[in-house]
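Have a look at the structure below before the remarks.
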């Protein structure tokens, strides 16, 4: 299996504070990798290093075949990113948002036209193409944002709490999109506060106080910790946390 | 009754978007009442009308017997409000924020310290830290202290646990239980359906409309259909197969299993046989008790 994210003792210090402490893990192509942790455990710091937005203090990491110290621009071109907090421009229409992001990633006019077409059909949003994003229901926005993050066919997509606040049906439709993308070979790196969603991941890592305190499939983690569900696994690990941001 | 709304309505903008659509609710004294629904359902608009920060476009409501439009000043004295967005002073320290809110309400921190003691002692070691520099869990505790320091009769908590990790969420709900024991009435909203079970009664809300008001137990008992869990094999393939199966009424992923309801006359054993025929040799189907989220999904479908 091809490895698309590789880290070895990846560390970030801010002064005396070690935000991420010797993280070592690998993620394979097409894998859905859940990246969980208590508030302040260091998830955001780790994600920012992997996205080429923050220089590590020490250790190694390679994302989509590129080094996080020397090839950050290449990393950015080869990954997609979506967060609940920021994703689409509310004052642009659906079609304009697609064109904007596709343009940023350097797609040609012909490619942009084709992608727009493909995306609107897949999301069944053809009649909404000229609507402002601000007028769409939240669930639609999030599905659109996810598809837009894939517009340049990245190898990996980073999803930072993508389903926060959406209704239970839309939340599951969103996961259908995740499965579909993973089935096509896209690696999905996802954070969430919904513990049932942790169960949908192929493997889950749980960070506590800057270190990865568990990493395995949901099934194995539950077995190891004798827990009925992932919520209990998380609770058992995270309640030992000493620091809170 | 501590809170009563009658046909409460809020409409926004030129497009006349109905955010709150003729909502009728009543909350008893000493109750923890949950407003459960996704973003955009109208939860915050209801909170803002009840806390007298937004004037309704129709209907009426009272809090502690006072009218939310006419008696707004009286209401402001007897309620505590924790808005969805962190709204304390980022440049003041923990201690300064608390003193500020006490002073604004003509009281002192020491006078009502007993109300916040259990919560405040957890953040007291950091009392000289500015609010803007606190973690999510600590901000949440400070905001709750500031909402309590003038000894309100009703607490309005708008999504206090959103974006907070499972451990802090559990702690927060334990705090609410203690406050209830002290006699406070609490109206709380959340997008996490599993938190609904911790309320005395809940209203499920979507698109400004109340879908159902009940105790969590009764809501689950009224589900009215047999719900099954399905396990065995690749979950995503199993989900797609069951969705295309003619006997399936609904099928959704639920953590490590699928939740399935069947059309009338479809038997469980028929489905098992079908799944095994399709190559899912370990497929197992069992009856299960529905959760709040199952009820919500069903109500979304029927509305």
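The values are calculated or read from the model by the stated rules, or taken from the named source; none is laboratory data. No experiment lies behind these values; they were computed from the predicted model shown. Positions of Cβ are generated from backbone atoms using ideal geometry, with glycine treated the same way; all protein chains shown enter the neighbour counts.
Of note:
- Residue match in region A:180-188 (condition: within 13 Å of the chain's Cα centre (by Cα), buried (at least 23 other Cβ atoms within 10 Å of the Cβ) and more than 13 Å from chain B (Cβ to nearest Cβ)): yes
- Looking at B:113, B:89, just one residue is surrounded by fewer than 16 Cβ atoms within 10 Å (Cβ to Cβ), closer than 20 Å to residue B:53 by Cβ and either touching a strand residue (DSSP E or B) at 6+ places or on another chain (Cβ under 6 Å) or more than 14 Å from chain A (Cβ to nearest Cβ) (or both), and that residue is B:89.
- One residue stands out among those in region A:124-137 that are under 18 Å from residue A:176 (Cβ atoms) and surrounded by fewer than 17 Cβ atoms within 10 Å (Cβ to Cβ): the one that is nearest to the other protein chains (Cβ to nearest Cβ), which is A:137.
Quick grid of which residues meet (1) crowded, with 17+ Cβ neighbours inside 10 Å; (2) more than 26 Å from residue A:141 (Cβ to Cβ); (3) modelled with pLDDT under 95:
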| residue | (1), (2), (3) |
| --- | --- |
| A:11 | yes, yes, no |
| A:56 | yes, yes, no |
| A:62 | yes, yes, no |
| A:65 | no, yes, no |
| A:79 | yes, no, no |
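- Where residue A:213 falls short, out of the listed (1) on the phi > 0 side of the Ramachandran plot; (2) in contact with a helix residue (DSSP H, G or I) (Cβ under 6 Å, 6 or more places away or on another chain): (1)
- Residue within region A:192-209 that is out of contact with any strand residue (DSSP E or B) (no Cβ under 9 Å at 6 or more places or on another chain) and either more than 8 Å from chain B (Cβ to nearest Cβ) or surrounded by fewer than 17 Cβ atoms within 10 Å (Cβ to Cβ) (or both) present: no
- Residue selection: residue A:156 fails the criterion of being within 11 Å of chain B (Cβ to nearest Cβ) and over 13 Å from residue A:88 (Cα atoms).
- The set of residues from region A:222-245 being under 19 Å from residue A:211 (Cα atoms), outside any helix (DSSP H, G or I) and facing another protein chain (nearest Cβ under 9 Å) comprises A:239, A:241, A:243, A:244, A:245.
- Across region B:215-234, the number of residues qualifying as touching a helix residue (DSSP H, G or I) at 6+ places or on another chain (Cβ under 9 Å) and surrounded by 15 or more Cβ atoms within 10 Å (Cβ to Cβ) comes to 10.
- Condition met for residue B:46 (within 19 Å of residue B:157 (Cβ to Cβ), touching a helix residue (DSSP H, G or I) at 6+ places or on another chain (Cβ under 7 Å) and modelled with pLDDT of 95 or more): no
- Of residues in region B:15-26 being on the phi < 0 side of the Ramachandran plot, surrounded by fewer than 23 Cβ atoms within 10 Å (Cβ to Cβ) and touching a residue at least 12 places away in the same chain (Cβ under 8 Å), the one farthest from the chain's Cα centre (by Cα): B:18
- For region A:1-78, the strands (runs of 3 or more DSSP E) that sit wholly inside it and include 1 or more residues that are within 14 Å of chain B (Cβ to nearest Cβ) are A:3-14, A:17-28, A:32-37.
- Residues satisfying the stated conditions in region B:142-185, i.e. part of a helix (DSSP H, G or I) and at the interface with another protein chain (Cβ under 10 Å from one of its Cβ atoms): B:166, B:167, B:168, B:169, B:170, B:171
- Number of the condition not met by residue B:138 [criteria: (1) surrounded by 21 or more Cβ atoms within 10 Å (Cβ to Cβ); (2) away from chain A (no Cβ under 14 Å); (3) assigned to a helix (DSSP H, G or I)]: (2)
- Taking region B:193-303 and the strands (runs of 3 or more DSSP E) fully enclosed by it, the elements with 2 or more residues that are away from chain A (no Cβ under 14 Å) and within 30 Å of residue B:47 (Cα to Cα) are at B:201-206, B:209-214.
- If you go through region B:116-135 and pick out every residue that is more than 14 Å from chain A (Cβ to nearest Cβ), assigned to a helix (DSSP H, G or I) and either at pLDDT 95 or above or touching a helix residue (DSSP H, G or I) at 6+ places or on another chain (Cβ under 7 Å) (or both), you end up with 4.
A quick yes/no check of all residues on (1) at pLDDT 95 or above; (2) more than 20 Å from residue B:132 (Cβ to Cβ):
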| residue | (1), (2) |
| --- | --- |
| B:145 | yes, no |
| B:157 | yes, yes |
| B:166 | no, yes |
| B:174 | no, yes |
| B:185 | yes, yes |
